Every structure is written in C-alpha cells, then in structure tokens.
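Please treat every number below as a calculation from the coordinates, not as lab data. Since the model is a prediction, treat every value here as computed from it, not as a measurement. Cβ placement follows ideal geometry from the backbone for every residue including glycine, while neighbour counts extend to all protein chains displayed.
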Amino acid sequence: MGKINIYHLYPAHLNLYGDRGNMLALCRRANWRDIEVNIVPVGPGKEIAFTSCDLLFMGGGQDSDQKLVAEDLKRRHREIQKAVQENMVIFAVCGSYQLLGHYYTTARGERIGGLDIVDLYTDAGRGRLIGNAVISCSLWDPPRTLTGFENHGGRTFLGPGVQPLGTVLYGFGNNGADKTEGAVYKNIIGTYLHGSLLPKNPWLTDHLLRKALAFRHQDTALRDLDDSLEEQAHQAAVNLAARRTHK
Amino acid sequence: MEAEKNQQQNHHDSHKKAGPIGIRHLVAVWIGKTLIALTRILGRGGTTLPGRAALAMAPGLSYVLAGRLSRGTIVVTGTNGKTTTAALIDGILEEAGFKCIHNQSGSNMSWGVASTLIEHSSWTGQMDADIGVMEVDEGAFPGVTAGLQPLGVVVTNIFRDQLDRFGEIDSIRDLIQKGIDALPPGSFQVLNADDPSLAALTSGKDVKRWTFGLELELPPDEFLNTGRDIKTCPVCSHKLEYTRFYFAHIGHYQCPSCNYQRPEPDLKLTSCSAGNEGFNRIRISLPEQKLEAELALPGLYNLYNALAAVTCARALGIPGPLISRALKKATPSFGRMERFEKEGREIVMALIKNPVGANEVLRTLLNQPGTINLVVAINDRIADGTDVSWLWDVDFEQLAGAKSRFTKIIASGRRAWDMAVRFKYAGFKPEQILVVEDTGRAIEEALEQTGTGSELFILPTYTAMLEMRGHLNKMGLGSPYWEGS
C-alpha cells in the first residue's frame, strides 16, 4: 500500500495546543488503511531534504519559542518556497499559520518577519480571541463543518490571492471581523483551530492524507472507516459552540 | 514551641491590626455572612457569590480581615499541588499549636479568599484564628498577594494549564513574578529549585528566599515525552541541559550558554523508600539538621508537595519533630486520590486537570495490580479549562498499552465524546469504550461492572469532580465539601 512521509517541524518548540493529537490522527487514520507513515522530526538547525517530504506539519508555539523558530525557518525559506510551488502539502496551526505570512506582531508589540509564503499578515489585537468555533468549509461540495478551539491574540488578514479555509458560523476566526477563518493556498492549509482539530474532523484528516498521497502520484482512494465516535464528538462540539456556555 | 511562636510574633507584629473595623467593612462582612448562610440553606457550598458581593461593597476587606489574624497569611500558588501543599502546611501549623483557616480548593480566586475570611470572622469582624493558609490561582496571585500582604508565599511549579485563560506559559511566569514583587519586606518566598522557570524569578527587597529540590536517583521515566513546556533557559533562551529529569521540565538543569543553573536548594529530599503499610519513608536534609518522616501520599508529585510544605514550615521556624508528626497524619486532599468504599468496592477519585498532573495519576494507576475499572469525566467549564486539547498531550497511550487489564472504560462529562475519541486514538478498540455523558449515571454503570474486592478509579476534571462527589455523597459516601474534608 501507500507510504507517506510526514515532516514534523520543531516538535519540541511548536507543540502548544494538543498538536500531538493532529499527528496522532494522521498516523492512525493512515495506519488503519495500511498506509505506512514515516514521521521525521525536524529540529532547529537540522538540514531538511524537502524532496522526500509529502506533508509538512507545523504546530503552535509560545511567543518566545516562535521567535526562535522564525529565525531558523527563514534560513530554509528558499527550499520551502520551492516545495510549495511543487504542491507539497503543509498543515499549519495557530503560531505557525501566522509564520507563513508576511509578518506577525507579538503581544509585546514586536514585529517578526514571516516566511512570506502565503499572502497574509497578522497584527496584534486587543484581548485574545478564545473559545469554541465552528466554520463552514468549502473544501467539500456541499461544504462541511469543521470545529475546534481558538485562542489567539493576533488578528490575521488574507491577501487577494488566498482563500479562507472557511466561513465562521460560531466563534471569531482570523480576526473577529470579516468572518473568515484560516487560509488555503495551493496545498497549504493554515488555521487557528486546534482542539485537537484533526481527530474531531476526520474528513479534514482524510483530505490531507489524500493530498499527501497525490503529491507523489500514489493511489488516493481511502477505505471508509467507522467514524461514528468521531462524528458524535464533532456534533457534540458543534452543539457546545452553538450554546457557547462555559459556566 | 512557645519560644518559636514568640520569635515569629516579634517578626510579624506589623501584621496585627486590631482596633475597630470600619462601618463599610462591617457591612460587607454582614452581607458576606448572610449570603454564606443562604447558600448553605439552599444546599450549595457557594463560595463565589458571598466573597464577590462583599468585595464589591468593600474592595479592601480581605486585607482588613487578614490583618486581624494574629500571625497573618501564607499564600500557596503554582499549577499543580496547590491544594495538597496548602493542606500539608495547614496540618503542620495545627500540629504546632496554631489555629489555622484555609480556603477550599475550588474557591481560590480573590473572592474565594474573601469568602473564607468572612466565614471565619465574627459578625463584628473579629478573627478567631492565628494563620490563614490560602491556596490561590495563578491568575489571582498578584492581586491576592498585594491585597493580603502575607507572611510568605509558596510556589510549587509552573506547567501548561488552562491556556485558554492565561494565554501562554510565559504569561503565567509574569503573573507569579508580579505577585512576588508585591510581597512586603520581612516576608519570605518558597520556590521549587527544580523548576527552571521558578528559580529564575527575582526576589524583592528584604524578602527571604527559600528553595527546595529533590536529590534522588530514579529509574528512567516512560512519561517523559509530553508536557515538557519549558525547554529553554528563562534568562537567555538557550536550550537547557539536564543531568536529571524527574518529570516534565522538573529536574537538575543548567544552561550551557549563560551558566544559569539549578540553585543549591536549602532543603533537599535525599531519600525515599517504601516503609510499612503504604507509607514512604523520606529523608529531608535541612541546612542544619536531617529530618526523617513517613508519608502516606503516593507519587513523586507528592514528594514535591511535602517538601514545599516542610520548607514553608521551616521558614516559619517550626521545629523538625513537629513537622514529621504532622506529615505522618496527612491524608489525601479533596479529590486527590481520595478514597471511598461502597459495598466492598473501593472508589479512588483523582482529579486531572493538565497533562503533567494527569500523567502522574496514570502512572500511579498503572502501578495498581489486577483489573482496572476506569471512568474519565471531562467537563469544559471555566474552572476545568474550556479548551480540552490538553487531553491529547496526556499519555493515554500508556493505558492502551495495558488495555487487557481494563474492563469497559467509561468516558463521561460534557466532553465525554472528545474523551472517547481520545481513547480510540490512544489504541483502545471502540467496543471497549462506553460513553455515558451524565456523571451520575457513569458512576452507577461503573460500579455495576466493578467486582467486589476491586477498585474503581474515577478521573474527573474539577467541576466533574464536584458533580461526582455530590453523587457519592447522595450514596452516603464522603461528606459535602463545605463541611470540610
């Protein structure tokens, strides 16, 4: 059967909001279909050969870690840019989603240059945007919902060449103003949603697996799984977000 | 003992503020006391409303009432171990003949502290106690410390917990520093030397600093792969190096770049061995003497809690033999490996609230012999943390590795389905997972499948624990929390 190489970027530094759950979802759902997953942890300063990477996963970090990571990433800018143009799959959550853009401003007002790969930027805002969120996502026709938890101080704005991942049904989204959440550009998906996101939204996990398989022209047909637990968890989380009760 | 007391008294006389209480404060006390009585009549252990109402009337009330304690207050904060550490300090002080008051673990915000003080004050605002031992939430720590002007503070550790409230770990450390900066001259701070983020905190002027740490050889830790939230030097951000890891980022560390390193602790726990009847024999080395004690609380984390409490007791000048006697009497606090018995079946309730603490609980659980009956109840109310993504950082994989030892595992609470998915991805087969959202029904189901002579483990988040304790109380087990535990 197929084989996917997942590069996990800076697992020691970008691991803030249950990112382990996202990795676990990708691995389990591939393994349940006898697709082999090879995880390559990439630490700062290490050489990366993106030529053998099918899916690059980038998680969330604290401001202090993120700054360290940003410096290191910028040195790899050209390799990443090239891989992106060749349609490598990137899944970036929260802090690293911000890093993909032109710049982001930290809570302490420091502006940190990004990778300039996706046409978006992030300004600091007053107060953090925190809570359960549900978005309607057009990666599918008809659109499907994605649900997760967001917790970010930054307000992200998308440029004209970038599609949002979804439209906010409940929650704040990219900036709390324009109802967009996340970004899709080529095979890159960036989002503020964690929770962890992938276990409770198995169709997004499968979407990423298919894209990763397609990247190296492997068979993208995925066997159906019994997702009743995941679907119940999804629905329960959507209901909680709709009620927005946390007392 | 009297001599010790007198010594303390001289040192902290400035905290005694007798004299008549102002009318505004008095009215606030009345409001608070009336509301406490009312919530009791309604059968609730309400500790939020009375304090909030009284503070709205008189914002400085806690300072005024705490000032009427003959000695003052001790404030305990940190991510994990607050409740147990505060209870141990309380036990030691009582053993030394002081009359103590303390807040319940759920009321650890500023209004909870106020409620506790009001509850123990007379209608004329007199306090019939010597010392208040208050466990305080990290977020409330700066405000409470500034308000109470305590004798001293104890900081246990900083882990990832409830980021939905605090943002990030860096901001938690900023909060702790703010609280320490607000300490009055002549007070003390007790810090965990094995936590790199705490040892780098600066102390205020005329604030005596006490540190504690473990010096034990332990076998390698299988739970090391998660929860290491602080990997870099708090001074220069370089990656820290460790010669010993106890759990998460707690251990013996040094920075190869700026030479920041674990300070030599004032109190060291140098040995721990299994003694009689489930007691651990521990040896603590103090600056001028060695102290031996027996401790019934299980787990490595409780060694830290005990050590934190002993350090605080030393800072207060309590003699060693009294400390040992108090430690031996210590029983698990409210919901921390608390035990109940129901018709020959033992129920063990252990609060889980963040990855590091939960991993420690799982480790202790897996050390039990035989079949394991388990309920994990996850709520996402404010007191639990509204973000449940931390469940993915807990090593439930360790349980799945021993899945044949489990009967059906039950996922419960508002986030029961999230927990069920977590179990599935940890490696349990869906057939082994039972979802019972209602926490009361979950207990009933679990007891049904727990055979006589075996143990049922309940791992709830905070508000799920309150619910489940309520259910157990109704079954005639334990007592309501406002009647003391």
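Below, the figures for the structure above:
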read-out: For the protein assembly as shown, cysteines whose Cβ has no other cysteine Cβ within reach (under 4.7 Å); value: A:27, A:53, A:94, A:137, B:100, B:272, B:312
read-out: Built amide H within the under 5 Å cut-off of residue B:377, gap 5+; value: B:412, B:459, B:461
read-out: Summed side-chain charge close to residue B:341 - residues other than residue B:341 whose Cβ falls under 15 Å, Lys, Arg +1, Asp, Glu -1; value: 0
read-out: Residue among A:228, A:136, A:196 with the largest mean-square fluctuation in a Gaussian network model of chain A, springs linking Cα atoms under 10 Å; value: A:228
read-out: Sum of side-chain charges, residue A:54 neighbourhood, beta-carbon under 10 Å (Lys, Arg +1; Asp, Glu -1); value: +3
read-out: Exposure proxy order (Cβ contacts within 10 Å, fewest to most) of A:118, B:435, B:64, B:133; value: B:435, B:64, A:118, B:133
read-out: Sorted by Cβ neighbour density within 10 Å, fewest at the top, the residues B:122, B:62; value: B:122, B:62
read-out: For chain B: rounded, prolate or oblate by the Cα gyration tensor [a/c cutoff 1.5]; value: oblate
read-out: Under 5 Å, built H, 5+ apart or other chain: amide partners of residue B:72; value: B:132
read-out: Cα centroid separation, the stretch B:321-383 to the stretch A:173-247 (Å); value: 35 Å
read-out: ³J(HN,Hα) computed for each position of the stretch A:155-172 - Karplus, 6.51 cos²θ - 1.76 cosθ + 1.60, integer Hz, glycine/proline x; value: 10, 9, 10, 8, x, x, x, 10, 8, x, 5, x, 9, 5, 9, 9, x, 10
read-out: Peptide-level mean, for A:109-116, of C-beta atoms on other protein chains within 10 Å; value: 0
read-out: Partner chain coverage, peptide B:421-433 - average Cβ within 10 angstrom; value: 4
read-out: Under-30-angstrom lysine pairs by C-alpha in chain A, whenever the two are 8 or more apart or on separate chains; value: 28
read-out: Among A:202, A:143, A:160, residue whose mean-square fluctuation peaks in a GNM of chain A (springs only between Cα atoms under 10 Å); value: A:160
read-out: Top of A:40, A:184, A:134 by mean-square fluctuation, Gaussian network on chain A, Cα under 10 Å; value: A:40
read-out: Counted charge near residue B:350, where neighbours are those whose Cβ lies closer than 12 Å (Asp, Glu -1; Lys, Arg +1); value: +1
read-out: Likely footprinting exposure, B:387, B:438, fewest C-beta neighbours within 10 Å first; value: B:438, B:387
